[in-house]
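The values are calculated or read from the model by the stated rules, or taken from the named source; none is laboratory data. Quick caveat, the model's predicted, so the values are computed rather than measured. Reconstructed Cβ throughout: ideal geometry from the backbone, glycine too, with neighbour counts over all protein chains shown. These area figures cover heavy atoms from the full protein model, side chains too; ligands, DNA and RNA do not enter into them. Shrake-Rupley method; radii C 1.70, N 1.55, O 1.52, S 1.80 Å.
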Amino acid sequence: MLNNDQKRFTATAGQALENIKKRETQNAFPVTIMEGDRPAGFFVLDFGSDKLELTDNENAVLIRSLSVNPAMQRKGIGKAAMMQVDVFVRENFIHCDEIVLAVNQKNESAYHIYLQAGYSYEGKTRLGRSGPQYLMTKKL
């Protein structure tokens, strides 16, 4: 279960799944991050129009609601997932040529993980639910 500080920055897996159920289109795909045979984290690959708040690229995918089980944090699981997601996207969504995401400026650890995983920050920001966010991208 995410602590209150982490809940400021991301939706829980349950909240994200509820949001997907409410959608009329089926263009969001929940992904479970596994560590061996144990679920370790979660994120959503969202091909809907929300991505256009971050990019003009219709072929992009938005990563949202990324979280790692607090008991399994600080083991490199989130970083490994973000380094592997581009391979997963290329293999399963061949039309996709860019991954975009928004990270809260106060969430420094996540921001640095994305940089290490090859995502770029080119100076674009937006106001998110918990304050300003960096808009990041990774070309495939």
Looking at (1) in contact with a Lys or Arg (Cβ under 6 Å, 6 or more places away or on another chain); (2) over 13 Å from Lys139 (Cα atoms), which is the only condition Ala60 fails?
-> (2)
For Gly41, the lone unmet condition from (1) open to solvent by less than 20 Å² (accessible area, probe 1.4 Å); (2) part of a strand (DSSP E or B); (3) in contact with a Leu (Cβ under 6 Å, 6 or more places away or on another chain) is (3)
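Yes/no matrix, rows are residues, columns are (1) part of a strand (DSSP E or B); (2) more than 22 Å from Ile77 (Cα to Cα); (3) among the aromatic types (Phe, Trp, Tyr):
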position: Ile94; (1), (2), (3): no, yes, no
position: His112; (1), (2), (3): no, no, no
position: Pro132; (1), (2), (3): yes, yes, no
position: Met136; (1), (2), (3): yes, no, no
Just give me the residues in segment 87-120 being crowded, with 18+ Cβ neighbours inside 10 Å and closer than 22 Å to Arg38 by Cβ, in sequence order.
-> Ala110, Ile113, Ala117
Restricting segment 54-86 to residues that are more than 18 Å from Arg126 (Cβ to Cβ) and modelled with pLDDT of 95 or more, the one surrounded by the most Cβ atoms within 10 Å (Cβ to Cβ) turns out to be Val85
